[in-house]
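Just below is one structure, and these are the notes that go with it.
The values are calculated or read from the model by the stated rules, or taken from the named source; none is laboratory data. Quick caveat: nothing in here was measured; it's all calculated off a predicted structure. Neighbour counts are summed over all protein chains in view; Cβ atoms, including those assigned to glycine, are modelled from backbone coordinates with ideal geometry.
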Amino acid sequence: MSDLLHEEEIGQWRRTHYSSEINSSLEDREVIIMGWVSSKRDHGNIQFIIIRDRYGDIQVMAKKSECSKRLFGQLQQIKEHTSLAIRGTVRPQEKAPSGVEIIPLELKAFSIARKAAPFMMQSKTSIGIDTRLDLRAIDLRRNILQSIFHIRYTVLNASREFLARQGFIEVNTPKMIATATEGGAALFPIFYYDREAFLAQSPQLYKEQLTMAFESVFEIGPIFRAEPSRTNRHLSEAISIDIEKAFVDYNDVMSLLERMILHVLDSVKEKNKNDLAYLEFQLPNIELPFARYSYSDLIEQLQGGGERIRWGDDLSPQAMKNLPDDRMNGFYFITDWPTSIKPFYVKPKFVPESGRVSESFDLMYGPLEISSGSTRVNRKDELLERMKKQGLNTQAFDYHLKVFDYGVPPHAGFGVGLERLIMAITKIDNIRDASLYPRDIDRLSP
């Protein structure tokens with residue numbers, strides 16, 4: 001029978017153990033492992049092959065003198081990324097992952113790799129991100145991205161767990177909408193039967209309405225922003241963790257947000273020890289409450305440091321890096337932003353010495369914005385006034401305005417950018433590595 005490697009069906013073969021389940025207690029036991037080849041070392045008469053599955057690596061070691069000519073010939077032909085199954089026996093080996101290795105008896109190649117990937121699987125640094133994104137499914141096999149997305153999964157689960165414990169219920173709001181959520185031109189228009197619609201910038205107005213029925217709601221889902229930005233912190237499609245709560249103000253939801261961040265970090269520390277060790281990163285030990293700085297105070301500090309900025313301007317990441325003190329490390333809040341640069345639903349308050357400011361906040365990590373939130377306007381006349389000042393067509397928001405005739409409670413909320421939170425936790429430089437298949441101004445595939 002030919003010893004040429006060829007592709008086979010899975011047939012009756014089934015995995016008996018994952019890599020994480022194979023240890024010295026299985027010595028001399030026969031097992032079937034399945035995965036893909038992450039690395040291979042050919043020493044002539046000895047072949048070392050590392051098979052990776054969803055839980056980690058297992059070493060396969062074949063000596064020419066210990067296995068059939070056909071099997072050894074097949075192992076010699078295997079390339080990285082080949083998807084296969086190996087039937088073999090477990091043998092102790094201190095230098096191997098988990099202290100054991102598999103001595104192969106038979107293999108099945110399900111899909112043979114035809115070429116080498118243009119980047120190294122085991123490397124933390126790699127070639128340009130665009131080359132990697134063109135082969136994203138292969139790129140995601142790299143250990144560093146595996147660790148990042150394991151942490152991302154924990155962050156999502158921990159957020160849901162925390163909010164459920166606080167009495168929130170999870171909701172799903174429409175992603176095809178009739179009009180802008182927050183005004184402005186950062187919208188993706190789509191055809192909706194015989195009329196124009198848009199992809200949702202956020203679930204904002206819907207989650208506000210839902211506080212009338214459920215009081216405390218949250219949604220984890222995609223948001224779409226048509227911002228022509230080419231930065232390492234912007235995506236056109238991102239995941240947002242949004243909450244809205246009735247009978248509170250922005251101080252209450254700031255407290256909720258910082259407690260959620262603390263729970264998320266504690267969960268990552270507990271559940272992702274191996275990933276953090278591989279990334280060589282230690283999570284910060286944070287204390288509550290987070291520091292709070294008013295927008296006006298930061299403007300004064302920047303102006304005092306020679307920054308050319310006026311009250312009412314936005315605070316760019318570059319400006320934030322020029323703050324004259326070092327208190328901006330880690331997580332902190334910037335509060336009481338000018339009403340003029342916040343969306344129409346943000347509740348204003350009047351501070352005579354500063355002009356019109358709003359009950360609003362941004363959660364920052366260093367110069368990176370992680371979240372925005374505020375007390376919301378809950379009175380119809382005030383909301384109409386805010387919309388008119390921003391030049392919005394109030395008739396287009398009739399579906400939202402009419403519910404204000406039926407007792408909208410005082411409420412507040414926030415939205416957390418998941419990918420930006422992952423950037424803060426894992427210290428990655430490019431937000432695209434926090435998204436499985438990122439979308440930006442230049443990329444619509446894969």
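Any idea how many residues of the range 151-174 are in contact (Cβ under 8 Å) with a residue 60 or more places away in the chain and surrounded by fewer than 18 Cβ atoms within 10 Å (Cβ to Cβ)?
Taking the range 151-174 as the starting set, the residues that turn out to be in contact (Cβ under 8 Å) with a residue 60 or more places away in the chain are 151-152, 154-163, 166, 168.
Right, trim to surrounded by fewer than 18 Cβ atoms within 10 Å (Cβ to Cβ) and you get 156-157, 160-161, 166.
So the count comes out to 5.
For the range 337-446, the helices (runs of 4 or more DSSP H) that sit wholly inside it and include 3 or more residues that are among the charged types (D, E, K, R) and at pLDDT below 95 are 380-389. With the structure loaded, tell me whether Tyr278 is touching a strand residue (DSSP E or B) at 6+ places or on another chain (Cβ under 7 Å) and aromatic (Phe, Trp, Tyr) or whether it fails that test. For Tyr278, the condition - touching a strand residue (DSSP E or B) at 6+ places or on another chain (Cβ under 7 Å) and aromatic (Phe, Trp, Tyr) - is not met. Of the numbered conditions (1) in a strand (DSSP E or B); (2) in contact (Cβ under 8 Å) with a residue 40 or more places away in the chain; (3) under 25 Å from Glu27 (Cα atoms), Leu71 satisfies every one except a single condition; which is it? The single condition Leu71 does not satisfy is (1).
Yes/no matrix, rows are residues, columns are (1) surrounded by 15 or more Cβ atoms within 10 Å (Cβ to Cβ); (2) in a helix (DSSP H, G or I):
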{"position": "Lys269", "(1), (2)": "no, yes"}
{"position": "Leu276", "(1), (2)": "yes, yes"}
{"position": "Pro284", "(1), (2)": "no, no"}
{"position": "Ser296", "(1), (2)": "yes, yes"}
{"position": "Glu300", "(1), (2)": "no, yes"}
{"position": "Arg308", "(1), (2)": "no, no"}
{"position": "Trp311", "(1), (2)": "no, no"}
{"position": "Asp314", "(1), (2)": "no, no"}
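Within the range 235-264, the set of residues being buried (at least 20 other Cβ atoms within 10 Å of the Cβ), assigned to a loop (DSSP other than H, G, I, E, B) and of a type outside the set (A, V, I, L, M, F, W, C) comprises just one member, Ser236. Scanning for something loosely packed, with under 14 Cβ neighbours inside 10 Å and assigned to a strand (DSSP E or B), does the range 21-29 turn up at least one residue? No: the range 21-29 contains no residue that is loosely packed, with under 14 Cβ neighbours inside 10 Å and assigned to a strand (DSSP E or B). Only one of the listed residues (Tyr193, Tyr250) is within 26 Å of Asp405 (Cβ to Cβ) and in the same structural domain as Leu421 (by TED's automatic domain parsing). That residue is Tyr250.
Do any helices (runs of 4 or more DSSP H) lying entirely in the range 131-234 carry at least 2 residues that are of a type in the set (Ser, Thr, Tyr) and within 17 Å of the chain's Cα centre (by Cα), and which ones are they?
Numbers: elements: 136-139, 143-165, 204-214.
Correct list: 143-165.
Selection of first residues in the range 296-317 that are charged (D, E, K, R) and of second residues that are part of a loop (DSSP other than H, G, I, E, B), restricted to Cβ pairs under 6 Å at least 6 apart or on distinct chains, gives the following pairs, ordered by first then second residue: Glu307/Asn322.
Quick grid of which residues meet (1) touching a residue at least 24 places away in the same chain (Cβ under 8 Å); (2) surrounded by fewer than 21 Cβ atoms within 10 Å (Cβ to Cβ); (3) touching a helix residue (DSSP H, G or I) at 6+ places or on another chain (Cβ under 9 Å); (4) at positive phi:
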site	(1), (2), (3), (4)
Ser371	yes, no, yes, no
Glu385	no, yes, no, no
Leu392	yes, yes, yes, no
Asp398	no, yes, no, no
Tyr406	yes, yes, yes, no
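Scanning the range 206-234 for residues that are at pLDDT 95 or above and among the aliphatic types (A, V, I, L, M) returns Leu210, Met212, Ala213, Val217, Ile220, Ile223.
Would you check which residues across the range 321-336 are modelled with pLDDT under 85 and crowded, with 17+ Cβ neighbours inside 10 Å and list them?
First pass over the range 321-336, keeping only residues modelled with pLDDT under 85: 321-329.
Within the range 321-336, Leu323, Met328 qualify.
Test Leu256 against the criterion of being in contact with a Leu (Cβ under 6 Å, 6 or more places away or on another chain) and touching a residue at least 24 places away in the same chain (Cβ under 8 Å), and give yes or no. No; evaluated as a whole, the condition is false for this residue. In the set (1) more than 24 Å from Ile370 (Cα to Cα); (2) surrounded by 18 or more Cβ atoms within 10 Å (Cβ to Cβ); (3) touching a helix residue (DSSP H, G or I) at 6+ places or on another chain (Cβ under 8 Å), Ala178 fails one condition alone, (2). Restricting the range 111-130 to residues that are surrounded by 15 or more Cβ atoms within 10 Å (Cβ to Cβ) and more than 30 Å from Glu27 (Cα to Cα), the residue that is nearest to the chain's Cα centre (by Cα) is Ile129.
Among the residues of the range 187-214, those that are touching a Leu at 6+ places or on another chain (Cβ under 8 Å) and among the aromatic types (Phe, Trp, Tyr) comprise Phe188, Phe198. Only one of the numbered conditions (1) among the basic types (Lys, Arg); (2) surrounded by fewer than 18 Cβ atoms within 10 Å (Cβ to Cβ); (3) within 26 Å of Asn23 (Cα to Cα) is violated by Lys108, and that is (2).
Does Gly88 count as surrounded by fewer than 17 Cβ atoms within 10 Å (Cβ to Cβ) and farther than 25 Å from Tyr278 by Cα?
Details: surrounded by fewer than 17 Cβ atoms within 10 Å (Cβ to Cβ): no; farther than 25 Å from Tyr278 by Cα: yes.
No, not satisfied.
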